[in-house]
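Structure first, commentary second.
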Protein chains: 2
Amino acid sequence: MKQRKKEPVRTRQAILDAAGVEFSIGGYSGSGLGSIVSRAELTKGALFHHFPDKQALAKAWIADALAPAMEKLWIAPMDVLSSLDAFRSFCRARCMELRPGDPASALVSLTAETAAAYPELGVALEVVFSDWRASIATWLERGKAAGWIHRSIQPAVEASFIISVFSGFTVTTQCRSDDSMHRTCASALDAYLETLRAQ
Amino acid sequence: MKQRKKEPVRTRQAILDAAGVEFSIGGYSGSGLGSIVSRAELTKGALFHHFPDKQALAKAWIADALAPAMEKLWIAPMDVLSSLDAFRSFCRARCMELRPGDPASALVSLTAETAAAYPELGVALEVVFSDWRASIATWLERGKAAGWIHRSIQPAVEASFIISVFSGFTVTTQCRSDDSMHRTCASALDAYLETLRAQ
DNA sequence: AAAAACATACCAACCCAAAGGTATGTTGGC
DNA sequence: GCCAACATACCTTTGGGTTGGTATGTTTTT
């Protein structure tokens, strides 16, 4: 029996990575465990050693891969944005990159697909949304305190709105292969963000 | 053999209805043809007589059920909205009703799930989006001409944005069972729409 | 008008591949 | 030696899809 070197953490990560690719393309129901393990060049034995079942795998992926990816690409960079214009160009950049591989796109697609049928996954995904939302709310708070965000803005409500806008973009841009829709979305968001400016 | 009375159109519709329920809950990959026909109290024979395969069934449902439903609930009512305030309360109402059964919710969820993996379905869904977008753009045009929408607004861009906002709402409201998120979304959209007002 | 001929609508049973998951190994490493 | 970390083989169910037939209309013929 051809047995590979034993590297549990590496193996686990390989499975999560493969699962991520499959989930991002085919969604949850559309991704078979067979495709996942073969993509990772492993076997079901390895998979079921690390995860009790498919849903647990998905939850682990959400918590251990998707959430960190969101943190890295969409949340952490906001810490250094100290003006509305900086935020706007940040949003524009994220916007133009919205494609199936992007963590935000995966987050949204998976939520849309599974939240109704698999409440447990919905909860796990909501956690990620929640962090995202909170980070934007915090940023808005900072902006209000520093004076570059209008006083009338309610950070919590506004953050929910912005999250929804990005979520919507990931859906509406999904049908088009060219990036005309991406540009339109980026422009529209840009125009909208201008309304947050302190006068 | 127990054979029901032959009512092809009724049968076809029953299958489409059942498919709609299943798709709205479990998505495309998550819905089996078995569940669909059993829900319709029919058999696979009936299904495959009316539709060549699963994808064709989905496409037929999109064109013959989803699109009309969108037209009826989200598009046609806009014809009689002759002020920004009327539009705002219309949007608020649609917003509060955003749940898995709503056509917009199904449209968004299915798009998020299938657009990447099943381009043909993506095209069919894009058609629905396109009509929706066009109707809002037209409404904005009317508003500009009549003077209750600000001159600087670009109807096409703005329409895309509004569609995205609704799409995003269907996703972000999906995890929560209570309607707190619905209210937040409705309020945020309401505040946003105010910025379209002619001064 | 009735019967024969044809076409449509549907059912029951089956097929095979793939699904998620289990049981039973081996093997590397402390 | 022993247990964690894998591999192999298999099991059961469900997936989409087919097959062959039968009941029901509809049309044609006489």
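The values are calculated or read from the model by the stated rules, or taken from the named source; none is laboratory data. Computed from a predicted structure; not experimentally measured. Every residue, glycine as well, gets a Cβ built from its backbone with ideal geometry; the counts of neighbours run over all protein chains shown. Only protein heavy atoms, including side chains, enter the accessible area calculation; ligands, DNA and RNA are left aside. Shrake-Rupley method; radii C 1.70, N 1.55, O 1.52, S 1.80 Å.
Under a straight-distance cross-link criterion of Cα-Cα below 19 Å, which aspartates and glutamates are reachable from A:Lys6, leaving out those fewer than 8 residues away in the same chain?
Of all the aspartates and glutamates, those that pass the test against A:Lys6 - Cα under 19 Å, at least 8 places apart if same chain - are A:Asp17, A:Glu41.
Assuming a ≥ b ≥ c are the square roots of the Cα gyration tensor eigenvalues, decide whether the range B:59-106 counts as rounded (a/c under 1.5), prolate (otherwise, with a/b larger than b/c) or oblate.
Since a/c reaches 1.5 but b/c is at least a/b, the shape of the range B:59-106 is classed as oblate.
For A:Thr43 and A:Ser89, what is the calculated FRET efficiency with R₀ set at 51 Å and r taken between the beta-carbons, to the nearest 0.05?
For A:Thr43 and A:Ser89, the calculated efficiency is 0.65.
Top to bottom by accessible area (1.4 Å), largest first, where do A:Ser82, A:Ser24, A:Ser177, B:Ser105 land?
A:Ser177, A:Ser82, A:Ser24, B:Ser105
Can you pull the percent of the protein assembly as shown's accessible area that's carbon plus sulfur, 1.4 Å probe, other chains left in place?
54 percent
Of all the C-alpha pairs in the range B:54-194, what % are more than 21 Å from each other?
Above the 21 Å cut-off, the range B:54-194 has 43 percent of its Cα pairs.
Could you compute how much accessible area chains A and B hide from each other, both sides summed, with a 1.4 Å probe? Nearest 100 Å² is fine.
3100 Å²
Over the range A:15-130, what is the mean sequence separation of C-alpha contacts under 8 Å (at least six apart), divided by residue count, expressed as relative contact order in percent?
Value for the range A:15-130: 32 percent.
What average number of partner chain Cβ atoms lie no more than 10 Å from the Cβ of the residues making up B:182-189?
4
Once you keep just the Cα pairs under 8 angstrom separated by 6 or more residues, what percentage relative contact order results for chain A?
23 percent
Taking the solvent-accessible surface of protein heavy atoms with a 1.4 Å probe, what is the per residue accessible area of chain B in Å²?
Spelled out: the 1.4 Å probe surface of chain B, per residue, equals 44 Å².
Counting only Cα, what are the radius of gyration and maximum Cα-Cα distance Dmax of the range A:128-199, in Å?
Over the range A:128-199's Cα set, Rg and Dmax evaluate to 13.6, 41 Å.
DSSP H helices in chain B with Cα extent of 15 Å or more along the helix axis and mean Kyte-Doolittle hydropathy at least 0.0?
Span-like helices, by this rule, are B:8-26, B:84-96, B:103-114, B:119-146, B:155-172.
Using a 7 Å offset from the Cα along the Cα-to-Cβ direction at both A:Ala145 and A:Ser180, what is the distance between the two label points in nm, to one decimal?
4.5 nm
Going by the alpha-carbon gyration tensor, a ≥ b ≥ c the square roots of its eigenvalues, is the protein assembly as shown rounded (a/c under 1.5) or, if a/c is not under 1.5, prolate (a/b greater than b/c) versus oblate?
Here the protein assembly as shown falls in the oblate category.
Could you give the distance between the Cα centres of the range B:106-120 and the range A:45-114, to the whole Å?
Cα centroid to Cα centroid, the span is 19 Å.
List the relative contact order of the range B:4-47 as a percent without decimals, with contacts defined as Cα pairs under 8 Å and 6+ residues apart.
Relative contact order, the range B:4-47: 41 percent.
Which order do B:Thr184, B:Thr195, A:Thr172 take when ranked by solvent-accessible area (1.4 Å probe, heavy atoms of all protein chains), largest first?
Heavy-atom accessible area, descending, gives B:Thr195, B:Thr184, A:Thr172.
List, by residue number, every residue in the range B:127-171 with a reduction of 10 Å² or greater in accessible area between the chain on its own and the complete protein assembly, 1.4 Å probe.
B:Phe129, B:Arg133, B:Val157, B:Ser160, B:Phe161, B:Ser164, B:Val165, B:Ser167, B:Gly168, B:Phe169, B:Val171
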